[in-house]
Amino acid sequence: MKKVQFTETVLRDANQSLMATRLPYADFEAILPKMDEAGYYSVECWGGATFDSCLRYLGEDPWERLRKIRERMPNTRLQMLLRGQNLLGYKHYHDDVVEKFVELSIKNGIDVIRIFDALNDFRNLETALAATKKYATDRTIASGCISYTQSPVHTVDKYVEMCKKLVEMGFDTLCLKDMAGTMSPYEAEGLIKGIKDAVGDIPLILHTHCTTGMAYMTLTKAIESGVDVIDTATSCFSNGTSQAATETLFYALQQYGIETDLNEKVINEVNDYFKPIKQKYIDKGTINPKSMGTDSQALVYKVPGGMLSNMIANLKDMNAMDKFDEALLEIPAVRKDMGYPPLVTPLSQMVGNQAVTNVLVGERYKNISNEVKNYFKGEYGISPAPVDAALEEKILGVGGKPIDCRIEDSKRTGEDFVKAKEALGELAETEEDIMSYICFPAQAEAFLKKRKEDREKVVKYTITEA
Ligand code: CO
């Protein structure tokens, strides 16, 4: 019997997409043992924006959150999303930092590390992959992930080549990550058949979003075409900018005669548990009704929904909404000049801001952001297609060429660890504390200070009482 398995995303991507990753651990602790019985391929519960959000907004230690989830879900693979050399932040970290981060992630309970690079420059995956292999337990899975986008250079052949490369590098599974939800059923069919033909048995995963309304059709076609695992969210946390609904796809697949490993009773209980939690955050305004609807604009403009709302907010701030149409047209033009990068963090912000700047200044590239300059210098990796030659010359000078090595090369110095220890002093109790500081210095320091203060409060209280 044919089999398709499910990765449940409610704890990470659904939480991130619908409510800006503001779901505290206390809200889902009680359901974890039940989720452990559901029969998921994995539960995506960590990485992405959860780490930053724990420290910055929720007053939680992300490592402690992971350990608690691990304790309550001993039987399910726990999965994280890792942005290659960027880890969970927005810059390139040194190789020794990347290696230690992966080591600690596995040590604290992660089984599946899904590793991607915004530009699909696979040099940026090498260190994280090597570390995953080095610290692997018998349940560790290194998943090589491709940022999916559409452009004249992003053909099926190109994606097949990328997959072959990921297999060669030693990844255990492959994932197509359609962060904007713009992959059509037709495209899914071509891609998945092409990839399956080329790389054979290695498990293939499809990650998409409902943003444009195509996810169910795309997933159905992907399943017909041979995909092995799909990412879904428990139904009350599904749809809109999130994933397709777990129970709905389970129901449909049963009629297909496809095995899923899911326990119907349990997945329904999981949904029942999360319903009042969702309602609480709708009432609080944390979940914006807009994020729950369908927005087909991304199909027209080829711009992800989040990027569009960002642009509108920027233009409104500057009282320049009359430039909206012009700015919208400028986005694909800037993207072409930059060699068609996938519009995912941080590229989506860079392309969007440059397009708005070009339009507001009234002259293209009169002002160029430092990030875009660094992109042309090659600091983010290699662009998918050649960049515009005139613009490259304007930024790098006549005959200037981008660097052709990874910027963090030869920088395995240990300096980040020394600096973090010095800065934190007694606030740092563990390697995990040090790592939190290296990734998000200001947020980690504030969190660790508060942790110390809170503990002292408890101690004083106990003494007085005695
Ligand atoms: Co996603």
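The values are calculated or read from the model by the stated rules, or taken from the named source; none is laboratory data. As the structure is a prediction and not an experimental result, all values here were calculated from the model. Using ideal geometry, Cβ is built from the backbone for each residue, glycine included, and neighbour counts are taken over all protein chains shown. Areas reflect the complete protein model, heavy atoms only, side chains present, ligands, DNA and RNA absent. Shrake-Rupley method; radii C 1.70, N 1.55, O 1.52, S 1.80 Å.
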Problem - Under 17 Å from the Cα of LYS302 - aspartates and glutamates, other chains or at least 8 residues apart - result: ASP178, GLU187, ASP325, GLU326, GLU330, ASP337
Completion exercise
Extension length gain for ARG139 and GLN255 (0.36 nm per residue less Cα distance), in nm, is 38.6 nm
Completion exercise
Rounded to 0.05, the calculated FRET efficiency for the beta carbons of VAL361 and ASP404 at R₀ = 35 Å is 0.65
Problem - Percent RCO, i.e. relative contact order, over the stretch 5-284, from Cα pairs under 8 Å lying at least 6 residues apart - result: 19
Handout entry: Cβ-based charge dipole, the stretch 1-116, positive-most Cα from GLY47, GLN5, VAL112
Key = GLN5
Handout entry: FRET efficiency for ASP322 and ASN288, using Cβ-Cβ distance with R0 set to 25 Å, rounded to 0.05
Key = 0.50
Practice task
For VAL418 and TYR186, compute 0.36 nm times the residue count separating them, minus their Cα-Cα distance, and round to one decimal in nm.
Solution key: 78.3 nm
Exercise for the section: Work out how much length LYS457 to ALA20 would gain on full extension: take 0.36 nm times their residue separation and subtract the Cα-Cα distance, in nm to one decimal. Expected result: 154.2 nm
Practice task
Express the C-alpha Rg of the stretch 5-284 as a ratio against the empirical globular expectation 2.2 N^0.38 Å, rounded to two decimals.
Solution key: 0.94
Practice task
Looking at the chain, send over the antiparallel percent of its DSSP beta bridges, to the nearest 5.
Solution key: 0
Problem - Partner aspartates and glutamates for LYS2 [C-alpha distance under 15 Å; skip if fewer than 8 residues away on the same chain] - result: ASP201, GLU224, ASP228, GLU259, ASP261
Completion exercise
Given a 1.4 Å probe, the accessible area of the chain per residue, as a whole number of Å², is 42
Completion exercise
In whole percent, the fraction of accessible protein surface over the stretch 413-465 that belongs to carbon or sulfur atoms, probe radius 1.4 Å, stands at 59
Practice task
Would you calculate a helix-derived [θ] at 222 nm for the chain, using -39,500 (n - 2.57) for each DSSP H run of n ≥ 4 and dividing by the full residue count, to the nearest 500?
Solution key: -15000 deg cm²/dmol
Practice task
Could you tell me which of the pairs LYS91/LYS377; LYS196/LYS221; LYS107/LYS421; LYS164/LYS394; LYS68/LYS91; LYS68/LYS421 are separated by over 24 angstrom between their Cα atoms in the structure shown?
Solution key: LYS164/LYS394; LYS68/LYS91; LYS68/LYS421
Handout entry: With every protein chain in place, the stretch 5-284: carbon and sulfur % of accessible area (1.4 Å)
Key = 49
Handout entry: For the stretch 413-465, fraction of C-alpha pairs farther apart than 13 Å, in %
Key = 58
Handout entry: Pair GLU64, THR155: separation of 7 Å Cα→Cβ label points (nm)
Key = 5.4
Handout entry: Among SER383, ILE205, MET338 - extreme Cα towards positive end, dipole of the chain, charges at beta-carbon
Key = MET338
Problem - Candidate aspartates and glutamates - alpha carbon under 20 Å from LYS457, same-chain residues fewer than 8 apart omitted - result: GLU60, ASP61, GLU426, GLU429, GLU445, GLU465
